[in-house]
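The values are calculated or read from the model by the stated rules, or taken from the named source; none is laboratory data. The model shown is predicted, which means the values in this text are computed figures rather than measured ones. Positions of Cβ are generated from backbone atoms using ideal geometry, with glycine treated the same way; all protein chains shown enter the neighbour counts.
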Amino acid sequence: MRTAVTLALLGLALGACAEAEPVAAETGPADAALAVDAQIIDARVAVDATLLAEFGAPCTQGSDCRSGHCIDTAEYGMICSQPCGTCPVAFECRAVANAGADRLFLCLPDTPELCEPCEADRDCDDPEDLCLDFGRNKYCGEDCSEDGVCPPGYECADIERDGAPVGRQCVPADGMSCGTCVDADGDGHGDGPDCVDFDCDDGDATVYRGAPEICDGKDNDCNARADDQPGDAPDLQCGGLGVCAGVALACVEGAWGCPWPATHEPDAELTCDGLDNDCDGASDEGLRGTLAHCGGCNQACDPPHAQGLCEADRCVVGPCAAGFVDVDGRPDNGCEYACVPEDPPSESCDGQDDDCDGRVDEGFDLASDPEHCGRCGTFCGRPNATWLCVQGACVFEGCQLGFHELDGDVETGCEYACRPDGNETCDGADDDCDGRVDEGTLNRCGACGPEPAEVCDGLDNDCDGATDEGTLNACGQCGAAPAAACDGRDTDC
């Protein structure tokens, strides 16, 4: 039912309220506008500003009021209120929340029956109004099933009892509560004597003192420890083989799960470490025997200058890079030998490994080969001579047939064409290899054959030391003697 309030009664109430000692209450920002219920007066009453200089005076913001609290009412509009002490008639002490979510206990217009204490539905104003639980006490709601309209500060909510809907009632909106319990999250716990108990987070209905602890990363039971002994563990099995052995279900970072070790790899083995990381009973499968793990974990098969091959978990040297060959067959140094073989591969005696087999000048006997005596290219041969290579040194064996070593220097070979066992003949050659030519075979003139016949020419033609002997005429001249003439002389000698 509705109660009529006269202006005079309001004036008396204001006077009484001004003398009341306020109780402890939280205060919010000075300009916070509070939505409050206003179904308290049958007729609108004009408020005299001179009578309501403090409490009840018109205002637009908290700074207009001595108390710092300006509230919005349905009957009076914006008027000044005050913290609870002894509230005037037609006003009651109510817990509210301002825009900053701070809790306040202010004198608000009294709303008949709505939010009045009750024991049963019959204690409330109308048969449709229900006696509802708010915190540790019960208060009347107001039926709103027909139009869903509620006074300011209230909302029309669906009500259930024993899990069944029983209608819709006006109940305090978020941040407000019947009685003196501010319970923003509606879990019955909050701030005020009408609350069931303390709420350390009034924005979360799962958090209050005594709440069951669940695994959600929150301190549900307000004991300053989050997720301590949560009781909502799912039916989830951990443990298993390999690194999974011994792992138990746990609440970790607000969620139930299996706290696998850092070495756990659920889908497949990714790390070669000798462990069964994917918990399938086998270790390092798919990893051992690869080029990255050949012969053991993290033993890479990557020989230098070559393609590595992992065969039977053993690293072997594959094809060599161009310009390199594998001589020693060791996989650790790969194709270690920088060499380009001849095509086709063949070895020459030149101080190099021509066939790239790691050996230099193999197949050549430098100790006995006259063409490579002592080293490649050292030739023991000399002209017309015979030489041997003995223990890497050239040794002169003699001249070839028809030649003779004359100058005493074997390095020049057998430079003298002759036969030591020959007979000297007059032929312009040293037939007996004594260094002389035609010795013992020349005539008196030093030439081969008989001496020339002497002729009358003024020369010693037969080299006998006489000139023209046996060739002069009676007159001692060459040619025939002159004929005798009758001239008194011996003309024909």
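Listed residues THR412, THR441, THR425; which is surrounded by fewer than 16 Cβ atoms within 10 Å (Cβ to Cβ) and either assigned by TED's automatic domain parsing to the domain that holds GLY476 or in contact (Cβ under 8 Å) with a residue 24 or more places away in the chain (or both)?
Answer to the selection: THR412.
Within 27 Å of THR180 (Cα to Cα), out of contact with any Asp or Glu (no Cβ under 7 Å at 6 or more places or on another chain) and among the charged types (D, E, K, R), is that true of ASP219?
For ASP219, the condition - within 27 Å of THR180 (Cα to Cα), out of contact with any Asp or Glu (no Cβ under 7 Å at 6 or more places or on another chain) and among the charged types (D, E, K, R) - is met.
For ARG288, which of the numbered conditions (1) surrounded by 13 or more Cβ atoms within 10 Å (Cβ to Cβ); (2) in contact (Cβ under 8 Å) with a residue 24 or more places away in the chain; (3) at positive phi fails to hold?
Condition not satisfied by ARG288: (3).
Just checking, which of LEU275, LEU287, LEU309 is in contact with a helix residue (DSSP H, G or I) (Cβ under 8 Å, 6 or more places away or on another chain) and either aliphatic (A, V, I, L, M) or farther than 20 Å from VAL243 by Cβ (or both)?
LEU275
So, of the residues in segment 209-226 that are more than 12 Å from GLU253 (Cα to Cα) and of a type in the set (Lys, Arg), which turns out to be modelled with the lowest pLDDT?
ARG209
Looking at (1) surrounded by 14 or more Cβ atoms within 10 Å (Cβ to Cβ); (2) in a loop (DSSP other than H, G, I, E, B), find the lone condition where GLY318 falls short.
With respect to (1) surrounded by 14 or more Cβ atoms within 10 Å (Cβ to Cβ); (2) in a loop (DSSP other than H, G, I, E, B), GLY318 is out only on (2).
Return the only residue of GLY77, GLY100, GLY153 being touching an Asp or Glu at 6+ places or on another chain (Cβ under 8 Å) and modelled with pLDDT under 85.
That would be GLY153, the only listed residue that is touching an Asp or Glu at 6+ places or on another chain (Cβ under 8 Å) and modelled with pLDDT under 85.
Which of the residues belonging to segment 352-376 are farther than 30 Å from CYS335 by Cβ and either among the small types (Gly, Ala, Ser) or not in a loop (DSSP other than H, G, I, E, B) (or both)?
ALA367, SER368, GLY374
I'd like to know if segment 374-384 contains one or more residues that are charged (D, E, K, R) and surrounded by 15 or more Cβ atoms within 10 Å (Cβ to Cβ).
yes
Among the residues of segment 253-275, are any surrounded by 11 or more Cβ atoms within 10 Å (Cβ to Cβ), in contact with an Asp or Glu (Cβ under 6 Å, 6 or more places away or on another chain), part of a loop (DSSP other than H, G, I, E, B) and of a type in the set (D, E, K, R)?
Yes, segment 253-275 has at least one match.
Six or more apart or on different chains, Cβ atoms under 9 Å: show the pairs whose first residue is in segment 445-466 and outside any loop (DSSP other than H, G, I, E, B) and whose second is surrounded by 13 or more Cβ atoms within 10 Å (Cβ to Cβ) and hydrophobic (A, V, I, L, M, F, W, C).
CYS448/CYS426; CYS448/LEU442
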